[in-house]
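Throughout, read-outs are computed from the coordinates displayed, never taken from laboratory work. Nothing here was measured: the structure is a model prediction, and the numbers come from that model. Cβ atoms come from the backbone with ideal geometry, glycine included; neighbour counts cover every protein chain shown.
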Amino acid sequence: MNEQSRPVSLTNTMEPPGVTVNGHQRPFGEVAAHTTALDWLRTRGLTGSKEGCAEGECGACAVMVAGPDGHGGTAWSSVNSCLVPVAALDGQEIVTSEGLGSPDHLNPVQAELASNGSSQCGYCTSGFACSMAAEFYRRGRSDTDATENVPATRRHGHENHEHGPNGFDLHALGGNLCRCTGYRPIRDAAYALGDPDPADALALRRDRPAPVTVATDLTAPDGRFVRPSSLTDALWLLAENPQAKVVAGSTDWGVEVNLRGSRSPLVIAIDQLPELRTLDTVTDSTGTGSFIEIGAGLSLSEVERDLDGQIPLLAELFPQFASRLIRNRATIGGNLGTGSPIGDAPPALLALGARVVLASLDGEREVPLDEYFTGYRTTVCEAHELIRAIRIPLPPAPISAFHKIAKRRFDDISSVAIAFALQVDDGIVTRATIGLGGVAATPLRARATEAALLGKAWNEQTVTAASAVLGAEGTPMEDHRASAAYRRIMLSQALPKLYVQTSEGQESESQEVSA
């Protein structure tokens, strides 16, 4: 370990820990370190948010959080309050359904939900209202060319019908579950929304900077929650407490806390560390190439917004990664940190040839992602290291696709995930990287299939032969999501699907040129 000076203090000594709720500052008071934002809100009488599933799948607990919009202002986003430790909101601003409006002065979102008959039992309605409001206040949503503000992955193609005439992105309601009303009246309410009133306080809030992140140190009988002020502080804490639980969005740890009663003597929050919240295009050390470096603390929604379609494979992945409520908190760093064999990000990043930057007090090291996973939920990341960033080499392959096989189209865990990154020059495959998830104890590269494609003509004969190889990659498991035989069949069908997709694209381009 190097000789860096130990930080003097990790705590925020200026103000007692607390959060601004519906415009009013509220101190946390006596609160356990593992208390969720949902439980804390309900003990304060704000019972609009409710617990349905306690794992981020139903959205009954949704609230709005003020965050940076990337341009110096504030953007409202919806999150699952059942997963977020309330300590993680120290110094932040949130709005619950109670803060949207009152019975005498309904927010436009609440008014449309009421007039369209969008609620029956009402259990889920508060969550829908908060998710809908976050989209209602999305800057530029109803511009004349609304697609300019729609994530790049949905600007063209078959998903355009999931945007209303007012620019409302129906995916904003993903992860909100209604068991009795049905979704048509809810959709109708969303599509009936106009623009916020110029004097609307939540709209005006967008013009001011987002809350500044504060360092937090909350100690209670059940443990300690710390948000360090810098990466160096975090690394010192981790070096001294290698068994500490490191969290970013808490979308995975929150489930463990809620459903399995997991507790940790020390939780270190790294999602707001400035060093982990950058996204830049960087020239490599040799000066011969470049890569995109994505900070491990950025939420998936922030990465999607800032990349703006620059990496088509990731643009295809994002809408299929859980729900918007989850993506507003989850991070790529967290998805890699769990080491899960069924995470959606690893297959795509493997296909992109990504590398992981690991930081410790001794410095940084860079590890190719295909050497990062060592076994079931184990990685090369040492106990004293943190994932600082992910690097993706440029330019990306011109042919890419992400195939997620799951029981539901959206917001589901993959049975199999397959990511392709290919280049075809003069009809010959000159580049092929394929990432797989859900077919072994770790995410992996389909190296045998890659070898079967490289240097071969991109035609049906090659695809048929390589498909047989792909069907035998990995060691598919048997579980409640799919049988091993089913997973093998899905693997073997992926390449023909990609070939048809690329052939259709080439035919369309040829027809446009002829016209």
Residue by residue through the stretch 20-25, which ³J(HN,Hα) values in whole Hz follow from phi under the Karplus form 6.51 cos²θ - 1.76 cosθ + 1.60 (θ = phi - 60°), with glycine and proline marked x?
-> 7, 10, 6, x, 10, 6
Which of Leu113, Leu361 comes first, and how do the rest follow, when ranked by fewest Cβ neighbours within 10 Å?
-> Leu361, Leu113
In terms of the alpha carbon gyration tensor, root eigenvalues a ≥ b ≥ c, rounded if a/c is under 1.5 and otherwise prolate when a/b exceeds b/c or oblate, the stretch 18-207 is prolate
Restricting to lysines and to Cα separations under 28 Å from Lys497, and discarding same-chain partners fewer than 8 apart, the set is Lys404, Lys407, Lys456
Anchor Lys50: aspartates and glutamates whose Cα lies under 15 Å away (excluding residues fewer than 8 positions away in-chain) | Asp39, Glu98
Treating the beta-carbon of each Lys and Arg as +1 and of each Asp and Glu as -1, no other charges, what is the dipole magnitude of the stretch 18-207 about its Cα centre, to the nearest 20 debye?
-> 260 debye
Förster radius 51 Å - calculated FRET efficiency between Ser102 and His71, Cβ distance, rounded to 0.05 = 0.95
Leading residue at positive end of dipole, the stretch 18-207 (Cβ point charges), from Tyr191, Thr125, Ala75 = Thr125
Taking a crude spin-label model, label points 7 Å out from Cα along the C-beta direction, the Asp308 to Tyr123 distance in nm is 4.3 nm
Given a cut-off of under 8 Å on Cα pairs at least six residues apart, what relative contact order in percent is computed for the stretch 156-303?
-> 15 percent
What's the longest piece of the chain with no exposed GluC sites (Glu not before Pro), counting a site as exposed if DSSP puts it in a loop and it has at most 13 other beta carbons within 10 Å?
-> 31-381
Treat the count of other C-beta atoms within 10 Å as a stand-in for reagent exposure and order Cys381, Cys180 from fewest to most.
-> Cys180, Cys381
Cross-link partners among lysines for Lys245, C-alpha distance below 21 Å, same-chain residues fewer than 8 apart left out?
-> none
Separation between the Ala451 and Glu55 pseudo-spin-labels, each 7 Å from Cα along Cα→Cβ, expressed in nm?
-> 3.9 nm
Give me Ser414, Ser230, Ser49, Ser360 ranked fewest to most by other Cβ atoms within 10 Å of their Cβ, as a rough exposure proxy.
-> Ser230, Ser360, Ser414, Ser49
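For Asp479 and Val380, calculate 0.36 nm times their separation in residues minus their Cα-Cα distance, and state this gained length in nm to one decimal. Don't skip to the end; give the middle numbers.
Numbers: separation 99, 0.36 × 99 = 35.64 nm, distance 2.66 nm.
Extra length from Asp479 to Val380 when fully extended: 33.0 nm.
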To the nearest 20 debye, what charge dipole does the stretch 284-429 have about its Cα centre, counting +1 at the Cβ of each Lys and Arg and -1 at the Cβ of each Asp and Glu?
-> 680 debye
Computed over the chain, the distribution of all Cα-Cα distances in 10 Å bins, rounded to whole %, is 4, 18, 28, 26, 17, 6, 1, 0
Computed, not fitted: 222 nm per-residue ellipticity of the chain from DSSP H runs ≥ 4 (each -39500 (n - 2.57)), nearest 500, equal to -7500 deg cm²/dmol
Dipole of the chain, Cα-centred, from +1 at each Lys and Arg C-beta and -1 at each Asp and Glu C-beta, to the nearest 20 debye?
-> 1120 debye
Which of the listed residues, Val255, Leu369, Gly140, is farthest toward the dipole's positive end in the chain, when Lys, Arg count +1 and Asp, Glu count -1 at the beta-carbon?
-> Val255
Positive-end extreme of charge dipole, the stretch 277-508 - chosen from Ala345, Leu386, Gln493 (charges on Cβ) | Gln493
Mind checking the full-extension length gain between Asn22 and Asp195? Use 0.36 nm per residue of separation minus the Cα-Cα distance, one decimal, nm.
-> 60.2 nm
